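Structure, as structure tokens:
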Amino acid sequence: MRRIEDGSHLPRPGLCQPVSSGPQTEAMPADLDDRTLDYVLQARPVFDRIGRISGQLSGLLILAATGARSAQGHPMFALIQEAEAGLADEMASLHPTGAAGHHHRHLCLAVRAVSRAVTVARQGLHVWDEAMMDEMTAALRRANQELQWATAALPGFAVVDLRQACCAMHMRS
């Protein structure tokens, strides 16, 4: 099991480009100080929570799109709303250093996007409305894109890329 201290498998900070799906073999930048590493360790649960909320909300969106009118009343939606409500407090507790500023900006934008998706779902997940579904989908895509960019901004963060999964390979055939 690798730890963040090992760092050899973590990407270097970079520009806002999609993260490649290949293995990361670059070394951890030498300029990460202890305060920045503390930020990384404190920000990881927030990063993971955003990804979980996004994935769970995507699942409920699929339920709603297939005609399940109970998507808004689904027990998962209450958990999603509870998790989203805590994001603002968690973000406020983070204190990014100069080296973590870029990452923090993307994390803030991801929180804003996933919060927008939850708000849209709260207002109309129970009613099939294509405009609402499009807005929710766009917000979830924005949140996921911001998470991808955040992974390139600091080491210690990863987005699961399912494009290389077995199921994805069968879809290409």
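Values quoted throughout were computed directly from the atomic coordinates according to the rules given, and no laboratory measurement underlies them. As the structure is a computational prediction, the values presented were derived from the model and not from experiment. Every residue, glycine among them, receives a Cβ derived from its backbone with ideal geometry; neighbour counts consider all protein chains shown.
Which is farthest toward the positive dipole end of the stretch 40-118 among Gly98, Thr66, Leu79, measuring Cα position about the Cα centre, with Cβ charges +1 (Lys, Arg) and -1 (Asp, Glu)?
Result: Thr66, furthest along the dipole toward the positive end.
Pulled fully out, how much extra length does the chain show between Glu82 and Ala131, if you take 0.36 nm times their separation in residues and subtract their Cα-Cα distance?
Extra length available between Glu82 and Ala131 comes to 15.1 nm.
Looking at the stretch 52-125, which trypsin sites (Lys or Arg not before Pro) are in a loop (DSSP not H, G, I, E or B) and have at most 16 other Cβ atoms within 10 Å?
On the way: sites: Arg52, Arg69, Arg105, Arg112, Arg116, Arg122; in loops: Arg69.
When the trypsin sites (Lys or Arg not before Pro) of the stretch 52-125 are filtered for loop state and at most 16 Cβ neighbours within 10 Å, Arg69 remain.
How big is the gap, in Å, between the Cα center of the stretch 50-64 and the Cα center of the stretch 67-130?
That distance is 10 Å.
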